[in-house]
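The values are calculated or read from the model by the stated rules, or taken from the named source; none is laboratory data. Quick caveat, the model's predicted, so the values are computed rather than measured. Neighbour counts are summed over all protein chains in view; Cβ atoms, including those assigned to glycine, are modelled from backbone coordinates with ideal geometry.
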Amino acid sequence: MTRIGVVTALPQEARVLAGKSSLCRPPGVVAELGTGTLLVQCGVGAQRAASAAAELIARGARALASVGIAGGLAPECRAGDVLLPEVVQRAAAPDLTVDAAWRDRAAVRLRSIGGAHAGPLAHSDEVVASPAAKAALRVRGALAVDMESAAVVGVAAAAGLPALVLRCVADPPSLAIPRTALRAVRIDGSVDFARALAALARRPQEIVALLRLAHASARALRRLRRAVLSLGPDLAFAAPP
């Protein structure tokens, strides 16, 4: 059986796959799930994701998946929409392609929860927070954006291994991410609540936007959980008998 290695950026994303057991794992530490799948919650950004992907391969993973939430770019994207991109776009390098057969098997299984969007996913080195910035990144037709999938797929490609990307839209294109939220997330993906409260005290007008973002993110994580359950322990890697 092929061992799957999964990279997530945020603790909330890791809990979708591992449940409360992931709370005991510091960022960057490989966890082995009961199914034999390997999981790393790496923190935010491409460098951390690439290191996590390389560690998973060193621990025996022979297929890699990037799983988590994403920012919506296309007008049709709504909070909770499931994405199975075929391509990850990079601004200064060639685009990366996921494993077509694996992606097709996943798409079939996700029909049970309403299906998944297949358009491109864009890479960004920083959080794309404003509707204007999202529109600018949409120029090449990407449906959504994240900061880790390009690194994971790139490491897999360099090692000659298949890769899959599974994302759910958290913030739709019309929703601006408030500064308070940006300041609250540490580089390891955890939330600095003291810093968040201090930032909110300085910018109380952001409370409504924060509540909208929290609601949208919670919906995305619930849908991500449903998608993972629909795909099964191996995320649809194995072909049906």
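Just the residues that are of a type in the set (Val, Ile, Thr) and crowded, with 21+ Cβ neighbours inside 10 Å, please, taken from the range 54-87.
Within the range 54-87, Val67, Ile69, Val82 qualify.
Which residue pairs have Cβ atoms closer than 9 Å, lie 6 or more positions apart in sequence or on different chains, and pair a first residue in the range 93-111 that is at positive phi and at pLDDT below 95 with a second residue that is of a type in the set (D, E, K, R) and buried (at least 21 other Cβ atoms within 10 Å of the Cβ)?
Filtered contacts from the range 93-111: no entries.
Can you find a residue that is part of a helix (DSSP H, G or I), of a type in the set (Lys, Arg) and touching a Leu at 6+ places or on another chain (Cβ under 9 Å) anywhere in the range 105-118?
Quick first cut of the range 105-118, residues part of a helix (DSSP H, G or I) only: 105-113.
Now drop any that are not of a type in the set (Lys, Arg), which leaves 105, 109, 111.
Next, only the ones that are touching a Leu at 6+ places or on another chain (Cβ under 9 Å) stay: 105, 109.
Within the range 105-118, one or more residues are part of a helix (DSSP H, G or I), of a type in the set (Lys, Arg) and touching a Leu at 6+ places or on another chain (Cβ under 9 Å).
Does the range 16-30 include one or more residues that are touching a strand residue (DSSP E or B) at 6+ places or on another chain (Cβ under 9 Å), crowded, with 22+ Cβ neighbours inside 10 Å, assigned to a loop (DSSP other than H, G, I, E, B) and β-branched (Val, Ile, Thr)?
no
When the residues of the range 119-138 are narrowed to those that are of a type in the set (A, V, I, L, M) and over 11 Å from Gln89 (Cα atoms), which ends up surrounded by the most Cβ atoms within 10 Å (Cβ to Cβ)? Outline the logic, then answer.
Of the range 119-138, the ones of a type in the set (A, V, I, L, M) are 121-122, 127-129, 132-133, 135-137.
From what is left, the residues that are over 11 Å from Gln89 (Cα atoms) are 127-129, 132-133, 135-136.
On the way: Val127: 18, Val128: 26, Ala129: 17, Ala132: 10, Ala133: 19, Ala135: 13, Ala136: 11.
It comes out as Val128.
Within the range 163-212, track down each residue that is in contact with a Leu (Cβ under 7 Å, 6 or more places away or on another chain) and among the hydroxyl-bearing types (Ser, Thr, Tyr).
Thr180 - this is the single residue of the range 163-212 that is in contact with a Leu (Cβ under 7 Å, 6 or more places away or on another chain) and among the hydroxyl-bearing types (Ser, Thr, Tyr).
Of all residues in the range 199-214, which are modelled with pLDDT of 75 or more, more than 21 Å from Leu73 (Cα to Cα) and either of a type in the set (A, V, I, L, M, F, W, C) or touching a His at 6+ places or on another chain (Cβ under 8 Å) (or both)?
Scanning the range 199-214 gives Ile207, Val208.
Looking only at helices (runs of 4 or more DSSP H) that lie completely in the range 172-241, which have at least 3 residues being closer than 18 Å to Ala144 by Cβ? Full working, then the answer.
Values: elements: 179-184, 193-202, 207-231.
Qualifying helices (runs of 4 or more DSSP H): 207-231.
Please tell me if Arg225 is in contact with a helix residue (DSSP H, G or I) (Cβ under 9 Å, 6 or more places away or on another chain) and among the charged types (D, E, K, R). First the steps, then the outcome.
Working: in contact with a helix residue (DSSP H, G or I) (Cβ under 9 Å, 6 or more places away or on another chain): yes; among the charged types (D, E, K, R): yes.
Here the answer is yes, as Arg225 does meet what is asked.
What is the one condition in (1) of a type in the set (A, V, I, L, M); (2) modelled with pLDDT of 95 or more; (3) more than 10 Å from Val7 (Cα to Cα); (4) out of contact with any Pro (no Cβ under 7 Å at 6 or more places or on another chain) that Ala31 does not satisfy?
Every condition holds for Ala31 apart from (2).
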